[in-house]
Amino acid sequence: MIIAFAQQKGGAGKTTVLAHLAHAWGLAGRSVGLVDLDTQRSLSMWAQAQTVLEVECVESAGWRAGSDIKDLARKCEVTLIDCPGNASNLLEASLRESDLVILPCQPSMLDAWATAPVLEMATREKTPARVLLNRVPPRGGLVDEVRTALGESGAALLDTTLGNRVAFAAGLARGTTALGLGRTSRATQEVQALRTEIEALLNA
């Protein structure tokens, strides 16, 4: 499986979501490879700091990206790509190599609107794309409004959502993820549900 994580709007949580899924697949016994295409290199820094997962993380850019993704995918059962934050040729190349692109989206209209360029690019590359509602508050009608707006724009949403939970950030800060802080926590349950849904989607 090659899965790209892309979103143009900052703060959507794409690297956090990616790291948690990497940990979840590692706990499930899958070999995991990471490709960091974001100039901030947050994924690479987490990969170096974490102590819970045997993982190869490749920093790549430019013309090397496509071959780096393919090389890592030959060695790993699951390859996760942290895409650049702009709609560039590099993002286009990463989507072209992917089986699925996930777009984390906070429950705000600004975030929802920011998904459009990536979704359009995924359509051109014929790569399936799904929007993941992330940092969802425990209550509030805005979530439903954003969900409706995304649906009306033609975006396909994942059924699983991730809540606005301190454990997601706390886990990364402690060299692990929320899964390392509590195997039965609500945050862990959400990540494992997301992993299961993605596997079902790609195996359908």
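The values are calculated or read from the model by the stated rules, or taken from the named source; none is laboratory data. In this text the structure is predicted, and so the values were computed from the model without any measurement. Ideal geometry is used to build each Cβ from the backbone, glycine not excepted, and the neighbour counts take in all protein chains shown.
In the list Ser98, Ser94, which residue meets the criterion of being crowded, with 18+ Cβ neighbours inside 10 Å, of a type outside the set (A, V, I, L, M), in contact (Cβ under 8 Å) with a residue 12 or more places away in the chain and in a loop (DSSP other than H, G, I, E, B)?
Working: Ser94 fails: in a loop (DSSP other than H, G, I, E, B).
Ser98 is the lone residue from the list that is crowded, with 18+ Cβ neighbours inside 10 Å, of a type outside the set (A, V, I, L, M), in contact (Cβ under 8 Å) with a residue 12 or more places away in the chain and in a loop (DSSP other than H, G, I, E, B).
Determine whether Asn203 is within 19 Å of Met1 (Cβ to Cβ), at pLDDT below 95 and not aromatic (Phe, Trp, Tyr).
It is true that Asn203 is within 19 Å of Met1 (Cβ to Cβ), at pLDDT below 95 and not aromatic (Phe, Trp, Tyr).
Tell me which residues, restricted to segment 23-52, are without any contact (Cβ under 8 Å) to a residue 60 or more places away in the chain, aliphatic (A, V, I, L, M), buried (at least 18 other Cβ atoms within 10 Å of the Cβ) and in a helix (DSSP H, G or I).
Matches in segment 23-52: Leu43, Ala47.
With the condition kept exactly as written, say whether any residue in segment 116-135 is part of a loop (DSSP other than H, G, I, E, B), within 19 Å of Ala12 (Cα to Cα) and either of a type outside the set (Lys, Arg) or touching a strand residue (DSSP E or B) at 6+ places or on another chain (Cβ under 6 Å) (or both). Step through it out loud before you land on a result.
Going residue by residue through segment 116-135, those that are part of a loop (DSSP other than H, G, I, E, B) are 125-128, 134-135.
Checking which are within 19 Å of Ala12 (Cα to Cα) leaves us with 134-135.
Cutting the leftovers down to either of a type outside the set (Lys, Arg) or touching a strand residue (DSSP E or B) at 6+ places or on another chain (Cβ under 6 Å) (or both) gives us 134.
The answer is yes, given that some residue of segment 116-135 is part of a loop (DSSP other than H, G, I, E, B), within 19 Å of Ala12 (Cα to Cα) and either of a type outside the set (Lys, Arg) or touching a strand residue (DSSP E or B) at 6+ places or on another chain (Cβ under 6 Å) (or both).
Do we find that Lys9 is modelled with pLDDT of 95 or more and not hydroxyl-bearing (Ser, Thr, Tyr) in this structure?
For Lys9, the condition - modelled with pLDDT of 95 or more and not hydroxyl-bearing (Ser, Thr, Tyr) - is not met.
For segment 46-68, what are the residues that are touching a strand residue (DSSP E or B) at 6+ places or on another chain (Cβ under 8 Å), under 23 Å from Thr177 (Cβ atoms) and of a type in the set (A, V, I, L, M)?
Correct list: Ala47, Leu53, Val55, Val58.
State all residues of segment 3-16 that are hydrophobic (A, V, I, L, M, F, W, C) and surrounded by fewer than 23 Cβ atoms within 10 Å (Cβ to Cβ); if no residue qualifies, say none.
Ile3
Quick one: would you say Leu103 is in a loop (DSSP other than H, G, I, E, B), within 27 Å of Thr188 (Cα to Cα) and not β-branched (Val, Ile, Thr)?
no
Could you tell me whether Ala200 is of a type in the set (A, V, I, L, M, F, W, C) and either assigned to a loop (DSSP other than H, G, I, E, B) or over 23 Å from Leu119 (Cβ atoms) (or both)?
no
Can you tell me which residues in segment 65-84 are of a type outside the set (Gly, Ala, Ser), surrounded by 14 or more Cβ atoms within 10 Å (Cβ to Cβ) and in a helix (DSSP H, G or I)? First the steps, then the outcome.
Quick first cut of segment 65-84, residues of a type outside the set (Gly, Ala, Ser) only: 68-72, 74-84.
Filter again for surrounded by 14 or more Cβ atoms within 10 Å (Cβ to Cβ), leaving 68-69, 71-72, 76, 78-84.
Matches in segment 65-84: Asp68, Ile69, Asp71, Leu72.
Based on what the data block shows, is Arg135 of a type in the set (D, E, K, R), under 19 Å from His23 (Cβ atoms) and surrounded by 13 or more Cβ atoms within 10 Å (Cβ to Cβ)?
yes
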